[in-house]
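Trainee: Below you will find the structure I want to go over with you.
Taken together, the values in this text are just the output of simple stated rules run on the coordinates, not laboratory data. Worth saying up front: this structure is predicted, and the values here are computed from it rather than measured. Note that we place each Cβ from the backbone using ideal geometry, even for glycine, and neighbour counts take in every protein chain shown.
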């Protein structure tokens, strides 16, 4: 059954990272939880710790090691290497809590965690002008976030095998909305 295969593919894609490609090249991957949007980028090797000594040997007197330059604002993200034009300089598709957002290098990958302003809000893309999630994947992401919300609100229950019949509700507004502490 073809429709079942599409739904299964959308479920798998919704559970994993979404890829953003430009001219066939992967620019970043991303995923989301109830509270965060996570962006994953392969940084240039020369900013990774394991290459520091090799890069240091190639520097001329007075030159410094290249450093990442990342600025997180509530509606904008800039990513680059100091002294060079930014790799990404884009408006976000939704608002983030900039003071609660951060970045780190983990497993040789740049990981940027943007705290959502509105817990449970479904982001269809990270940046304005980038491709929205496929409607099937969007529905599956919404279901995933709804189940994550149920799990948070009812920690004694296991929702790992739960399923929705029909369209899933908005995880941010369903049944009176998300309670904020």
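Trainee: Given the chain, report the % of alpha carbon pairs whose separation exceeds 21 Å.
Mentor: Everything past 21 Å amounts to 57 percent.
Trainee: If one takes the longest principal axis of the Cα atoms in the chain, at what angle in degrees, from 0 to 90 and to the nearest 10, does the Cα axis of helix 135-153 lie?
Mentor: The helix 135-153 is inclined about 80 degrees to the chain.
Trainee: What is the distance in Å between the Cα centres of the range 13-86 and the range 109-137?
Mentor: 17
Trainee: Continuing with the same structure: Of the residues 134, 91, 170, which exhibits the maximal mean-square fluctuation in a Gaussian network model of the chain defined by a 10 Å Cα contact cut-off?
Mentor: In the Gaussian network model the winner is 134.
Trainee: Report D for the range 53-98 in µm² per second (integer): Stokes-Einstein, Kirkwood Rh on Cα pairs, 25 °C, 0.890 mPa s.
Mentor: Rounded to a whole number, D works out at 198 µm²/s.
Trainee: Cα axis of helix 2-15 to longest principal axis of the chain: angle in degrees, 0 to 90, nearest 10?
Mentor: Result, in degrees: 50.
Trainee: Applying a 10 Å radius around every beta-carbon, put 52-65, 100-113 in order of their mean neighbour count, most first.
Mentor: 100-113, 52-65
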